[in-house]
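> Input: one structure, supplied below.
The values are calculated or read from the model by the stated rules, or taken from the named source; none is laboratory data. Here the structure is a predicted model, which means the values were calculated and not measured. FYI the Cβ positions are ideal-geometry reconstructions off the backbone, even for glycines, and counts take in every protein chain you see.
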Amino acid sequence: MDTDVLIVGAGPTGLMLANQLVRRGVRVQIIDRHPGPSLQTRALGVQARTLEIYSHLGIVDRALELGKRATGANIWSLGKKAARIPLGAIGRSISPYPYLLILGQDDNERLMGNALRERGVSVNWNTELVGLSSQESDHVRATLKQQDGTTREITAAWVAGCDGAHSAVREINGIAFQGAPYEHVFFVADTQLTGDMVAEELNVYLWREGFHLFFPMRGTNHWRLVGIVPAGMREKKGLTFDDVIPSVQRQAGSGLSFQKCTWFSTYRIHHRRAERFRDRRCFLLGDAAHIHSPVGAQGMNTGLQDAYNLAWKLALVVSGRADAALLDSYEEERIPVAKRLLSTTDRAFSLIVSANPLAGLFRTRVLVKIAALAMSFTAIQRLAFRTISQTGIHYRDSHLSETQAGIPKTAARAGDRFPWLKLKFQPNGPVEDLYAKLDDTRFTLLVFGQSAPEGLPPPRDLLCIHTIPADPANDRELARVNIPRPSFYLLRPDGHVGLAGIQLDVAAVTRYVSGRLHLATQGAR
Ligand SMILES: Cc1cc2nc3c(=O)[nH]c(=O)nc-3n(C[C@H](O)[C@H](O)[C@H](O)COP(=O)(O)OP(=O)(O)OC[C@H]3O[C@@H](n4cnc5c(N)ncnc54)[C@H](O)[C@@H]3O)c2cc1C
């Protein structure tokens, strides 16, 4: 075998997967048909859940240094400010990163590429996957085309298709990419301009004829402007920013003053999902598996989470610690996430781009009022933050999730990302950040109001146990998220709850670990 995992594509998804696998001791080869990293910004919004994953990867501080934290989103209707979503205030008790970090995709790729190089692995650029064979046996044979036009073959135990919307891995395996293109053409411009946008925050302008999004970028008066190309110009060749300025100004009036445009691009978007995310030894992740409108800044972030979901499972299977049946849970968990994402972004997108005059009236008169009213309720604010930040993604229906009787409906349940808490880990010790204590290369058992019996699986090199002492500060924190005492939570390496119950019982945990995780319960190393 030339490698354990061949990763096709060194965009954000492939780089995340490579990092996560290498950290867990898996041999990878990562290839990309391009000559080097992309210089285009493309995605700009990094969500809180991605930042939580970056912190385990050791790159969050650099990302925060480079990016801009948008702690609020402002909704404007016909040029008047109608509502503000206070992301910072809402998310403060949900995530250590209660904002949308504005950081270009190129910077994200650079940070992940550097982290990978520090782990001793580099991307093989100018290398394109052109064929796959021998899928039946214990390996896949991949044909790679090199820069000089010649081909070579390598064998890999597994192949990860992180190769974007036109995925060769998906096409060679004959997996349908169901969906359709939208009729609209988007434009994206990195500009220097002044106007009445709220500085350092996200600004969403709704007009009768469409919308404009303004993302604050690094530097003074730098904004990423996103909108739709006016219908009459959709087919125009060589469209420039100057062509769309009149349409922006017609809506924004004289309030906007353009100084410079450093990048302008147009693109037609599709909403599509692969019918399966796996074919035997090949997986699909990121844009290879799902594409949708950029509404909500979810695309790149979803690909990164696909990688985070697959990596720990693949690493356990490659190392022989778990049966390959564990991998069935990848598409079982990630297809529902993609389905929900596509239907939400599709509904939101259709509403904000509809050219129907009634829809325009609804958008600018009714929608903004509903949004403003809704955002005055704490529960709705929290739901909005959880949805946008991807901290609310759960796998409750996965066969890896088991919630035993007695766990209240309002507490974290199996499949949920375990809540971010600040706890005392020692009697009379300091209050510490739970997420900073989690080791995402192992399972974590959190034990409340009881002691942990001897002999709990999985083996100790895969398990970290924290018995949380009784303490008024801990009681307050647990009460805030309705976690009862006694109780226990077995977290998967990706921070989602696998097993939740009241009384810790070695036999029940053993049944879960071998029966659901397909993990060997003996042989601690
Ligand atoms: C204008 C724009 C704005 C966006 N804004 C946001 C945003 O704010 N937030 C957000 O989350 N998302 C956003 N997105 C979406 C985001 O850019 C994508 O979801 C993201 O790039 C997907 O990453 P990926 O790694 O899955 O695929 P890609 O980035 O497409 O990477 C795939 C890689 O595979 C390589 N490749 C392809 N075929 C082969 C082959 N046969 N052999 C070898 N290599 C191959 C390609 O060269 C490429 O480098 C935006 C997209 C666009 C276009």
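> For ARG33, which of the numbered conditions (1) in contact with a helix residue (DSSP H, G or I) (Cβ under 6 Å, 6 or more places away or on another chain); (2) modelled with pLDDT of 95 or more fails to hold?
ARG33 satisfies every listed condition except (1).
> Is there a residue being of a type in the set (Gly, Ala, Ser) and closer than 28 Å to HIS496 by Cβ anywhere in segment 96-112?
no
> Which ones in segment 14-42 are over 21 Å from VAL169 (Cα atoms) and charged (D, E, K, R)?
Correct list: ARG23, ARG24, ARG42.
> While we're looking at this one, here's another question. Wholly within segment 317-382, which helices (runs of 4 or more DSSP H) include no fewer than the required count, namely at least 2 residues that are basic (Lys, Arg) and either assigned by TED's automatic domain parsing to the domain that holds PHE283 or within 24 Å of the chain's Cα centre (by Cα) (or both)?
Working: elements: 328-353, 357-361, 368-374.
Helices (runs of 4 or more DSSP H) meeting the threshold: 328-353.
> From the list GLY360, GLY320, GLY286, pick out the single residue that is in contact with a strand residue (DSSP E or B) (Cβ under 9 Å, 6 or more places away or on another chain) and more than 16 Å from the ligand (Cβ to nearest atom).
Matching residue, one of GLY360, GLY320, GLY286: GLY360.
> Here's a follow-up. Can you tell me which residue is farthest from LEU144 (Cα to Cα) among those in segment 38-68 that are within 16 Å of the ligand (Cβ to nearest atom) and surrounded by fewer than 18 Cβ atoms within 10 Å (Cβ to Cβ)?
Top of the filtered list is LEU66.
> Can you find a residue in segment 491-504 that is without any contact (Cβ under 8 Å) to a residue 24 or more places away in the chain and not charged (D, E, K, R)?
There is no residue in segment 491-504 that is without any contact (Cβ under 8 Å) to a residue 24 or more places away in the chain and not charged (D, E, K, R).
> Give me the residue from segment 226-271 that is of a type in the set (A, V, I, L, M, F, W, C) and assigned to a loop (DSSP other than H, G, I, E, B) and, out of that set, farthest from the ligand (Cβ to nearest atom).
So, considering only residues that are of a type in the set (A, V, I, L, M, F, W, C) and assigned to a loop (DSSP other than H, G, I, E, B), the one farthest from the ligand (Cβ to nearest atom) is LEU256.
> Can I ask one more? Which residue is nearest to SER451 (Cα to Cα), if the candidates are limited to segment 465-488 and must be among the charged types (D, E, K, R) and outside any helix (DSSP H, G or I)?
ARG485
> Can you tell me how many residues within segment 1-37 are more than 21 Å from LEU462 (Cα to Cα) and within 13 Å of the ligand (Cβ to nearest atom)?
20
> Could you tell me which of the residues ALA160, ALA156, ALA189 is over 26 Å from the mean Cα position of the chain (by Cα) and either more than 14 Å from the ligand (Cβ to nearest atom) or in contact (Cβ under 8 Å) with a residue 60 or more places away in the chain (or both)?
ALA156
> Go through (1) surrounded by 20 or more Cβ atoms within 10 Å (Cβ to Cβ); (2) in contact with a helix residue (DSSP H, G or I) (Cβ under 8 Å, 6 or more places away or on another chain); (3) assigned to a strand (DSSP E or B) for TYR182 and report which single condition fails.
Result: TYR182 fails condition (1) only.
> For PRO486, are the conditions met, namely being surrounded by 21 or more Cβ atoms within 10 Å (Cβ to Cβ) and in contact (Cβ under 8 Å) with a residue 24 or more places away in the chain? Give the derivation first.
On the way: surrounded by 21 or more Cβ atoms within 10 Å (Cβ to Cβ): no; in contact (Cβ under 8 Å) with a residue 24 or more places away in the chain: yes.
So PRO486 fails the test.
> Right, something else. Across segment 260-289, what is the total count of residues that are hydrophobic (A, V, I, L, M, F, W, C), out of contact with any Leu (no Cβ under 8 Å at 6 or more places or on another chain) and at pLDDT 95 or above?
Residues in segment 260-289 being hydrophobic (A, V, I, L, M, F, W, C), out of contact with any Leu (no Cβ under 8 Å at 6 or more places or on another chain) and at pLDDT 95 or above: 3 in total.
> Shifting gears a bit: Has segment 401-409 got any residue that is touching a His at 6+ places or on another chain (Cβ under 9 Å) and either part of a loop (DSSP other than H, G, I, E, B) or not assigned by TED's automatic domain parsing to the domain that holds VAL337 (or both)?
yes
> Another question, then. Mind checking which residues of segment 432-459 are assigned to a loop (DSSP other than H, G, I, E, B), of a type in the set (A, V, I, L, M, F, W, C) and buried (at least 19 other Cβ atoms within 10 Å of the Cβ)?
Applying the first criterion (assigned to a loop (DSSP other than H, G, I, E, B)) to segment 432-459 yields 438-442, 449-459.
Pick out the ones that are also of a type in the set (A, V, I, L, M, F, W, C) and you get 438, 452, 456.
Across segment 432-459, the qualifying residues are LEU438, LEU456.
> Pull out all pairs, ordered by first then second residue, where Cβ-Cβ is under 6 Å, the residues are six or more apart or on different chains, the first lies in segment 279-294 and is outside any loop (DSSP other than H, G, I, E, B), and the second is at pLDDT below 95.
Correct list of pairs: ILE291/HIS270.
> Collect the residues in segment 489-514 that are hydrophobic (A, V, I, L, M, F, W, C), closer than 17 Å to HIS466 by Cβ and assigned to a loop (DSSP other than H, G, I, E, B), keeping them in residue-number order. Step through it out loud before you land on a result.
Of all residues in segment 489-514, those hydrophobic (A, V, I, L, M, F, W, C) come to 490-491, 497, 499-500, 502, 504, 506-509, 513.
Adding the requirement that they be closer than 17 Å to HIS466 by Cβ leaves 490-491, 497, 499-500, 504, 509.
Listed by number, the list holds a single entry, LEU504.
> Anything in segment 389-400 that is in a loop (DSSP other than H, G, I, E, B) and at negative phi? List them, or say none.
THR391, GLY392, ILE393, HIS394, TYR395, ARG396, ASP397, SER398, HIS399, LEU400
> Would it be correct to say that ILE90 is among the β-branched types (Val, Ile, Thr), more than 14 Å from the ligand (Cβ to nearest atom) and surrounded by 18 or more Cβ atoms within 10 Å (Cβ to Cβ)?
yes
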